[in-house]
Amino acid sequence: MTARPDHILLLAGTREARLLAGTLAGTFPKARITASYAGVVRDLPDPGVPVRVGGFGGVEGLTSYLIAEAVSVVIDATHPFAAQMSRNAVAAAASADIRLLRLERAVWTPVEGDTWVSAASMEEAATALPCDARAFLAIGRKDIDCFTRRPDIHAVARMIEPPETVLPDHWELILSRPPKLAEEEVALFKDRRITHVVTKNSGGKRSSAKIRAARHLGLPVIMVRRPDLPAALTCSDTPDLLIAVRQTMSF
Ligand code: NAP
C-alpha cells in the first residue's frame, strides 16, 4: 500500500504566506500543500501551490476539513489581525490532534522621533482622534464603521477593497495596495493636510512606509495593538518555520 503524502495546510493571506508556499513546495517536494485564502480580496495572488478559497465554517468545519483531507500540519501564516482564523486554527488542530505552527512577523516598535498613541481596539483608536482631526486611516475595510461614527473628523481612508459602509461625503476613499514608498506617503499626507495616522500594528516592511512618513512629518500615530491569540508554536521567520515543519514530516 502506498502511504499518503504529508499534507500541509497553509492558512494564507499575507505576503509571507505566498512566499512560504513556494519555499515549502521546493523544500518538501513530496508533500501535498494547500494554500487557503479567506477570499475577501479579488485578484488573489498565485502562490504556486493548489489553492482553496473561503471560510471553513468555524472550528467544526476546519476540524472536519483537517480530518477529511488528512492534513498533517497546519501553518497559520495569516495576518496578525486575522484573529478569528488563528483562534479557530488552534482549536481545530487540537481537536484533530494535528500540529499547528504559526508564522508571525515582529510588531512595529516606536523609535526616537515617533509619537505613538497605543489603542487596544479600533473603537479606542477612533475615540483617540481629536475633534477636527484630518486622519489617514490605514485600518482596512472591516473596521471603518468605528470611524464613520465620528462625523466631526475628516478622513482619508485607504484600503484594498471598497467598504460596505458608505463613507461621509467629506471623506476621501483611496483604493490601493501596499507597498508604498515613504516619499509617496509624505507627499500624500502633506497634500491632504493629514494631522493623525491611524494604523493596525501589522508589522513587516511592506506597509511600514506610512510609519516612516509620519515620523518624517512629526505626525502622531494611533497604533492599534494586535489582538491576543491563544498560545501556539510560533516562528518569526521562514527558516525557523521550515525546521519546525520538517520535524512533523513523515519522510
Ligand atoms: P478573521 O476575522 O480572522 O476571519 C474571519 C473568518 O474568515 C474566519 O473565521 C474564516 O471563516 C475566514 N478566514 C480568514 N482567513 C482565512 C483563510 N486564510 N482561509 C480560509 N478562511 C479564512 O480575518 P478577516 O475577517 O479576514 O480579517 C480580520 C482582520 O485582518 C481585518 O482587519 C483585515 O484587514 C486583516 N487582514 C486579513 C487578511 C486575511 O487574509 N484574512 C489579510 C490581510 C489583513 P470560517 O470561520 O468560516 O473558517
* What pairs come up if the first residue lies in the range 85-96 and is free of Cβ contacts under 8 Å to residues at least 24 places away in the same chain, the second is crowded, with 17+ Cβ neighbours inside 10 Å and small (Gly, Ala, Ser), and their beta carbons are under 8 Å apart, counting only those six or more places apart or on different chains? -> none
* When you scan the range 135-251 for strands (runs of 3 or more DSSP E) that lie fully inside it, which ones turn up with 3 or more residues that are crowded, with 18+ Cβ neighbours inside 10 Å? -> 154-159, 196-200, 220-224
* To do: Taking the options 24, 44, name whichever one is closer than 22 Å to residue 141 by Cα, hydrophobic (A, V, I, L, M, F, W, C) and more than 7 Å from the ligand (Cβ to nearest atom).
  => 44
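For the range 75-115, enumerate the residues that are β-branched (Val, Ile, Thr) and under 30 Å from residue 218 (Cβ atoms).
Residues satisfying the conditions are 107, 109, 111, 115.
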* Under 7 Å between Cβ atoms, at least 6 apart or on separate chains: pull out the pairs that start in the range 172-188 with a residue that is free of Cβ contacts under 8 Å to residues at least 60 places away in the same chain and end on any residue that is among the aromatic types (Phe, Trp, Tyr). => none
* **Single residue of 62, 19, 100 found to be crowded, with 16+ Cβ neighbours inside 10 Å and in a helix (DSSP H, G or I)** => 62
* Failed condition for residue 173, given (1) within 16 Å of the ligand (Cβ to nearest atom); (2) in contact with a Lys or Arg (Cβ under 6 Å, 6 or more places away or on another chain); (3) under 23 Å from residue 217 (Cα atoms); (4) of a type outside the set (D, E, K, R) -> (2)
* So how many residues does the range 1-16 have that are within 16 Å of the ligand (Cβ to nearest atom), not small (Gly, Ala, Ser) and not in a strand (DSSP E or B)? -> 3
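Go through the range 24-50 and give me each residue that's touching a residue at least 40 places away in the same chain (Cβ under 8 Å) and either closer than 26 Å to residue 160 by Cβ or buried (at least 16 other Cβ atoms within 10 Å of the Cβ) (or both).
24, 28, 31, 38, 40, 41, 42
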* Structure fact -> If you go through 9, 20, 24, the only one that is among the aliphatic types (A, V, I, L, M), modelled with pLDDT of 95 or more and touching a Phe, Trp or Tyr at 6+ places or on another chain (Cβ under 9 Å) is 9
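The values are calculated or read from the model by the stated rules, or taken from the named source; none is laboratory data. Quick caveat: nothing in here was measured; it's all calculated off a predicted structure. Neighbour counts are summed over all protein chains in view; Cβ atoms, including those assigned to glycine, are modelled from backbone coordinates with ideal geometry.
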